[in-house]
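This report refers to the structure that appears directly beneath it.
The values are calculated or read from the model by the stated rules, or taken from the named source; none is laboratory data. These numbers were taken from a predicted model, which means no experiment stands behind them. With ideal geometry, Cβ positions are generated from the backbone for all residues, glycine too; neighbour counts draw on all protein chains shown. Note: areas computed on protein heavy atoms with side chains; ligands, DNA, RNA excluded. Shrake-Rupley method; radii C 1.70, N 1.55, O 1.52, S 1.80 Å.
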Amino acid sequence: MDTRQLRAFCEVVERRSFSQAAERLGVTQPAVSLQVRALEKRLGTQLLDRSGRRVEPTEAGAKLYRSAQRLLALEDEVVNELADDATGELAGTLEIGASTGPGGVVLSTLLCRFAEQHPQLHVALSVFDTQSVVERVADRTLELGVVGAAPRHRGVEYEPFLRDTIVLVCPPGHRFAGRTVTLDDLRRENLILMQDGAGVRQMVEEALRRAGTRLRDLDVRIELGLQESVAHAVRAGHGVTFISRTSVEADLVAGSLVEARVEGLDLEREILLVRATGRTETRAARAFVEFARETLP
């Protein structure tokens with residue numbers, strides 16, 4: 001049933017006048033008459049007695065008026081609840097996935113600060129390799145993803161989120177420490193890598209390919225699934241690794257890891273936000289993205 005017709009009908013009953021009802025509703029008198037006639041036609045009965053100086057409800061009209069009041073009150077309640085949801089405090093759960101690079105330090109810190117501002121919101125960060133994050137966003141297990149590479153997938157859309165640099169790090173006192181080394185130097189060194197599917201690894205492979213080298217040409221002795229595991233292995237002196245600068249910034253400042261550069265490799269990258277194609281964004285997701293863009297340099 002059209003609630004606009006019910007509202008016009010109720011206004012006429014309450015004011016005993018089509019003209020006053022029209023003024024109250026901010027429409028023309030013919031528009032109110034049209035709404036009431038349409039309602040009478042829909043119900044197959046006369047609702048208003050128009051024969052006297054004042055408009056009066058018929059018996060059927062009086063019965064409808066009582067029911068219509070309850071229905072319109074319910075409509076107002078629903079509208080008000082939705083308005084509160086659109087403007088009130090964020091609540092519910094925000095499910096975000098991230099690859100190990102951005103998820104390790106930058107995103108976790110950002111989410112903690114965001115959660116502090118919204119105490120009724122539960123924030124859940126899951127860390128996977130890049131491909132897994134993309135697949136979970138595509139199947140809508142996760143609402144948002146933050147990754148360091150953009151594997152092709154028809155179910156998602158990417159957009160820039162923040163800039164990051166991949167660096168080669170080694171233990172203090174290592175022959176690479178603080179130097180610019182060549183690819184030939186790198187071929188003779190134990191290289192520890194992230195597992196297949198990680199954004200850092202994908203970027204390194206692409207940069208090596210552009211430089212005319214394949215990953216299998218290097219001495220990759222160990223592959224580890226977590227970025228922190230890779231950093232720990234390098235700190236312990238088991239080799240060198242390519243890793244997101246943001247994830248080891250504290251180590252670089254403390255001197256527990258030292259940066260080196262590789263001649264001919266461009267390892268700047270864009271950290272990307274991943275959304276499911278066509279998904280309607282929740283208020284929490286929208287608020288987090290806005291917060292991140294205002295907070296990140």
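Tabulated data for the structure shown
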| item | result |
| --- | --- |
| Highest-first arrangement of 58-67, 33-42, where packing means the average Cβ count within 10 Å | 33-42, 58-67 |
| Cα-based Rg and Dmax for segment 1-133, where Dmax is the largest Cα-Cα distance (Å) | 26.2, 79 |
| Modelled label reach - ARG293, point 7 Å along Cα→Cβ, segment 150-188 residues with backbone N closer than 15 Å | 158-163 |
| Fraction of accessible area attributable to carbon and sulfur, the chain (%, probe 1.4 Å) | 47 |
| Ranked by how many other beta carbons lie within 10 Å on average, peptides 170-176, 198-204, 212-218 from highest | 198-204, 170-176, 212-218 |
| Percent of C-alpha pairs per 5 Å bin, segment 118-234, short to long | 2, 9, 16, 20, 18, 13, 10, 6, 4, 2, 0 |
| Charge-dipole axis of the chain as Lys and Arg at +1 and Asp and Glu at -1 on Cβ define it, positive-most pick from THR109, THR28, VAL204 | THR28 |
| Sequence-distant residues sharing a close amide H with VAL123 (under 5 Å, placed H) | LEU94 |
| Phi to ³J(HN,Hα) by Karplus 6.51 cos²θ - 1.76 cosθ + 1.60 over segment 167-184, Hz, x for Gly, Pro | 10, 8, 10, 8, x, x, x, 5, 5, 7, 4, x, 9, 9, 10, 9, 5, 5 |
| Cβ-based charge dipole, the chain, positive-most Cα from LEU48, THR182, LEU193 | LEU48 |
| Cα-based equivalent ellipsoid, segment 193-254: semi-axes from gyration tensor eigenvalues, Å | 21, 13, 11 |
| Nearest-0.05 FRET efficiency for CYS112 and SER229, computed from C-beta distance (R0 22 Å) | 0.45 |
| Two-site label geometry, ARG188 and ARG4: point separation in nm, points 7 Å out along Cα→Cβ | 8.1 |
| Cβ-derived FRET efficiency at R0 51 Å, LEU34 paired with ALA124, nearest 0.05 | 0.45 |
| Accessible area (Å², per residue) of segment 158-217, counting only protein heavy atoms and a probe of 1.4 Å | 47 |
